[in-house]
1. Taking only pairs six or more apart or across chains, which ones have beta-carbon atoms under 9 Å, a first residue in region 268-286 that is within 20 Å of G255 (Cβ to Cβ) and touching a residue at least 12 places away in the same chain (Cβ under 8 Å), and a second residue that is among the acidic types (D, E) and in a loop (DSSP other than H, G, I, E, B)?
2. State whether the residues of region 23-33 include one that is surrounded by 15 or more Cβ atoms within 10 Å (Cβ to Cβ), of a type outside the set (F, W, Y), in a strand (DSSP E or B) and touching a residue at least 24 places away in the same chain (Cβ under 8 Å).
3. Criterion first (out of contact with any Phe, Trp or Tyr (no Cβ under 6 Å at 6 or more places or on another chain), of a type in the set (S, T, Y) and not in a helix (DSSP H, G or I)) does T279 satisfy it?
4. Tell me which strands (runs of 3 or more DSSP E) are completely within region 102-159 and hold 1 or more residues being within 19 Å of Q13 (Cα to Cα), or say none if there are none.
5. If only one of A305, A232, A264 is closer than 21 Å to R171 by Cβ, surrounded by fewer than 21 Cβ atoms within 10 Å (Cβ to Cβ) and small (G, A, S), which one is it?
6. Given (1) out of contact with any Gly (no Cβ under 6 Å at 6 or more places or on another chain); (2) part of a helix (DSSP H, G or I), where does G251 come up short, assuming only one miss?
7. I'd like to know if region 5-21 contains one or more residues that are touching a helix residue (DSSP H, G or I) at 6+ places or on another chain (Cβ under 7 Å), farther than 22 Å from T83 by Cα and of a type in the set (G, A, S).
8. What's the number of the only condition in (1) within 11 Å of V6 (Cα to Cα); (2) of a type in the set (G, A, S); (3) in contact with a Cys (Cβ under 8 Å, 6 or more places away or on another chain) that A105 fails to meet?
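None of the figures in this text is laboratory data; all of them are computed from the coordinates on show. These numbers come from a predicted model, not from an experiment. Note that each Cβ is placed from the backbone with ideal geometry, even for glycine, and that neighbours are counted across all protein chains shown.
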Amino acid sequence: MPHRVVALLGPVQEMYPVTCASAVFGDHGPDIPRHYEFRLCATRPGPIRTTMGADLIVEAGLEALDDAGTILIAGWCPAPALTDDICDAVLAAHTRGARIVAVSAGIHVPAHLGLLDGRTAAAHWEITGWLARHYPKVRADGTVLYVDHGDVATAGATATTVDLCLNQVRREHGAALAMRIGRQFAAAPQREGHQRQYPALPTTGPVPDSLAPLLDWIAANLDQPLTLAVLAARSGMSPRTLNRHFHEQLGISPGRWLLDRRIASTRALLEETDLPVETIAGRVGLSSAVNLRRRFRAAVNTTPAAYRRAFR
């Protein structure tokens, strides 16, 4: 039976995060296994006003949360006015094991229910002060893309919805499926949660150039010896300038971003092929089976062999 993902819509709903979640959890045709079912619900069925100025007709009420495996609360404008029926339904679902995914102002729901007490939560940088005043037990982080605790996941910006949803697919069904789904709608290489929400803009001088062309080139050339000097030459920057751009735009070093991509490709090859670990190491640029096993265990907390058994 597919895992049911239910988006709980607010009184004025931003459509972008909802359509992003639908793109990840919806039907992808006969060539991709269907593990998820996506539907909408609201406190009261009927027309829901959206930020587009058009109403969206929602047929299901809060009873749709009774058998939800994941509840998405995203893009409510403004922050939701929480009624007892919403709180009771979401808390009951979480108690029986449902996953709560909150994006942007949707973080108000799990924070209000105490599900984020003592935890770090990704929050939009504009509301971290508001969260600190209203929910002092929540460690709101306005710099990272998303934080996933398993039972509760948060993302600060609506543009991060695809990343967070693909991360769930990767956790539950492996990196290969997440990549195949992402490729269907030409998603960029999946961003890790610890990456920066937004680039730090200089107070003077030009805005930093986008790293996107370089990142795409790196992903297509993982088998090459990609040193900082090579990447800098490819981008037309000095190594020092390139390193600064990575920290400003992604919040991590070039080496960390490169290792994340190599581990993601390793996971996909372990899931989809019978290639020996030594061969995979060469394909993803980790040089040897010994180095791959060491890096893989540090990143995924298991061995390549155990990972392959779990996802094949």
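1. Here the result reads G282/D223; R283/D223; V284/D223; G285/D223, each pair linking region 268-286 to a residue that is among the acidic types (D, E) and in a loop (DSSP other than H, G, I, E, B).
2. no
3. It is false that T279 is out of contact with any Phe, Trp or Tyr (no Cβ under 6 Å at 6 or more places or on another chain), of a type in the set (S, T, Y) and not in a helix (DSSP H, G or I).
4. The strands (runs of 3 or more DSSP E) meeting that bar are 152-155.
5. A305
6. Here G251 meets the rest and fails (2).
7. Yes, that holds for at least one residue.
8. (1)
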